[in-house]
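S.K.: For reference, the structure I am asking about is given below.
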Amino acid sequence: MALNLRQRQTECITRMLNLNQPVNATGMANEEVYKILIYDKFCQNILSPLIHVKDLRKHGVTLYFLIDKDRKPVHDVPAVYFVQPSHSNIQRIIADTSSSLYDSFHLNFSSLIPRPLLEDLASGTLNSDSIHRISKVHDQYLEFVTLEDNLFSLAQKSSYVQLNDPSAGDREIEEIIDKIVGGLFCVLATLAVVPIIRCPRGGPAEMVASALDQRLRDHLLSKNNLFTEGGNFVSSFQRPILCIFDRNFELSVGIQHDFRYRPLVHDVLGLKLNRLSVQGEKGGMKSFELDSSDPFWVANGSLEFPEVAVEIETQLNKYKRDVDEVNRRTGGADGAEFDGTDMIGNTKHLMSAVNSLPELTARKQVIDKHTNIATVLLSEIKERLLDSFAKKEYDMMVRGGIDRSELLGVLRGKGSKMDKLRFSIMYLISSESINQAEVESVEAALRESEVDTRAFQYVKKIKALNVSLASANSASRSNIVDWAEKLYGQSISAVTAGVKNLLSNDRQLALTRTVEALMEGKPNPEIDSYLVFDPRAPKSSSGMSSSHLKGPFKEAIVFMIGGGNYVEYGSLQELVQRQQSVKHVIYGTTEILTGEEFVEQLALLGQKMGLGGAPPAASTQ
């Protein structure tokens, strides 16, 4: 049985909607109760990719509201609250109970409610004489957003900026690490697994791994812990591996253009919570949902865009042939009159045609949806030459550089300001050494196009620091490291330029290559220095290498701190499909970012470091 995060989280939400009563095999409670659902914005985002309105109706939810909206009393009906444990939410719940808005209150918090807030809730409802209205309080450990079976996000915004902010103090860094650990703990609690944890030494990855290890150890000390239920995984010899990385491990993937369907739709059309809006054929905006219920999206998300266009045409032709076949069988195509001579035969054909109609209609809707999306994408690709950007960036990464005239030609050619900025940063990252004259001509070309260059300046600064670090002798190197870490926070290793994390010839990302090595568990110089944590082992042996900690592993959870993307997700899923033995990989991140969103975070860091480059009244769109 593979780990299926989407299924497990949906089961938890279904149980919650049924007042935390056991549900039967059909996912329904034995006794149907009509109820009201109240959530905050964060929990609405958790529900959105998993539960549709028709599902809410199925579970007896007749009305649903955001907690901060004014609501009228609805008597004789229980209310299910699903909110984050925050001070403002607790105060609102106290106000709702004291106003007797609903008959009873079933409170569900997305993560563990801290003791002080629980005491505030108790004293507030006691003082208003409404504590009897609170039926139950549950910690649900659901503080993450599952977008696909193997894809989740903690929806924690700007963590890259916060972790790399030169002005961030120890306390702020600890708070962010704590928040990330809390989110990962929720994921593991939902899956009911205690993994072996691996991470590179140093930086946020080690900080999160170490803190998560401690959090799991503390929790496992209690008799009724969250991991006793998942006996099928916990007691088995085979546990999953949790591989934790920091965005600086492979900075380029957060910036590059990609020409595959799923990353392209996300990057260009702004796919959010599995939904996007595009211009319709007859004007006006059309909204579409892209998730596991869409067979075309599942089957073709990892294909290059031209292959997707061919596949849409193939599907359309197949649909037309099937419609013609139905018409031919029922006598609708050639206009032949029905003379009653083959009553039984014709009746069978008619029944078959009627039965095939829903499936044909559903197929046509999917084809129309992807035709619409592909048409909008094509116009963006032509307008911005996105295919050219993707190809040239890939070539740069493989070759370790680009011809100067070609580089400047791209920067003075078509493309948005953000496309040119991303291309320039990719040039910096892929170049093994910095040619000062070349960099100055790139900056001049960007200024000509009125591009905000703060993100470029930031990466240039970090790159220069890495170069000086590499050339320094060991005595002065430690001084540079001390100075750099004080000045630049965690980003000393930000641009692991040129050789180490370049794409290999089969387009495999460094992340995918490393995860594959960690799952195989064979000796490998790339990962031999990685730390090992086993929260179930005695503390003294943690971090030490033991045979069962090295694998091989059938299941992995890969977590990227500081922002992930559909390029990495796709690459890891391709790794699974390539394996001869059955493997399973879940990919998660603090937040899923488009190239533009990540570059905006780099620009913010450039601004915090006092690097210039913002043109007057210029936009980076």
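The values are calculated or read from the model by the stated rules, or taken from the named source; none is laboratory data. Since this is a predicted model, take the numbers as computed values, not measurements. For neighbour counting, all protein chains shown are included, and Cβ atoms are generated from backbone atoms with ideal geometry for every residue, glycine included. Please note that ligands, DNA and RNA were not included when accessible areas were found on the heavy atoms of the full protein model with its side chains. Shrake-Rupley method; radii C 1.70, N 1.55, O 1.52, S 1.80 Å.
S.K.: State which residue is most open to solvent (accessible area, probe 1.4 Å) when the search covers only the stretch 549-600 and only residues that are among the small types (Gly, Ala, Ser) and on the phi < 0 side of the Ramachandran plot.
M.R.: Ser581
S.K.: Working only within the stretch 410-441, note down all residues that are under 15 Å from Met397 (Cβ atoms) and either at pLDDT 90 or above or hydroxyl-bearing (Ser, Thr, Tyr) (or both).
M.R.: Passing the criteria: Val410, Arg422, Phe423, Ser424, Ile425, Met426, Tyr427, Leu428, Ile429, Ser430, Ser431.
S.K.: Would you mention how many residues in the stretch 110-127 are out of contact with any Cys (no Cβ under 8 Å at 6 or more places or on another chain) and more than 23 Å from His75 (Cα to Cα)?
M.R.: Total satisfying the criteria: 10.
S.K.: Next up: Does Glu526 fit the bill of being at pLDDT 50 or above and within 22 Å of Gly610 (Cα to Cα)?
M.R.: Taking the combined requirement at face value, the residue does not satisfy it.
S.K.: Something else now. Restricting attention to the stretch 161-200, which residues are more than 27 Å from Leu3 (Cβ to Cβ) and either surrounded by fewer than 17 Cβ atoms within 10 Å (Cβ to Cβ) or among the small types (Gly, Ala, Ser) (or both)?
M.R.: Pro166, Ser167, Ala168, Gly169, Asp170, Arg171, Glu172, Glu174, Glu175
S.K.: Going residue by residue through the stretch 142-162, is there one that turns out to be part of a helix (DSSP H, G or I), hydroxyl-bearing (Ser, Thr, Tyr) and free of Cβ contacts under 8 Å to residues at least 40 places away in the same chain?
M.R.: no
S.K.: Step by step: first the residues of the stretch 64-95, then only those that are among the aliphatic types (A, V, I, L, M) and in contact with an Asp or Glu (Cβ under 6 Å, 6 or more places away or on another chain), then the one that is surrounded by the fewest Cβ atoms within 10 Å (Cβ to Cβ). Which residue is that?
M.R.: Val77
S.K.: Name, by its number, the condition in (1) open to solvent by 30 Å² or more (accessible area, probe 1.4 Å); (2) in contact with a strand residue (DSSP E or B) (Cβ under 6 Å, 6 or more places away or on another chain) that does not hold for Val208.
M.R.: The single condition Val208 does not satisfy is (1).
S.K.: Look at Met560 and say whether it is of a type in the set (A, V, I, L, M, F, W, C) and modelled with pLDDT of 95 or more.
M.R.: Considered against the rule, which asks whether it is of a type in the set (A, V, I, L, M, F, W, C) and modelled with pLDDT of 95 or more, Met560 comes out as yes.
S.K.: Do you know which of the residues in the stretch 255-291 that are among the basic types (Lys, Arg) and touching a strand residue (DSSP E or B) at 6+ places or on another chain (Cβ under 7 Å) is surrounded by the most Cβ atoms within 10 Å (Cβ to Cβ)?
M.R.: Arg260
S.K.: Further, regarding this structure: Here is a list: Ile94, Ile176, Ile90. Which entry is in a helix (DSSP H, G or I) and either touching a Cys at 6+ places or on another chain (Cβ under 6 Å) or closer than 30 Å to Asp291 by Cβ (or both)?
M.R.: Matching residue, one of Ile94, Ile176, Ile90: Ile176.
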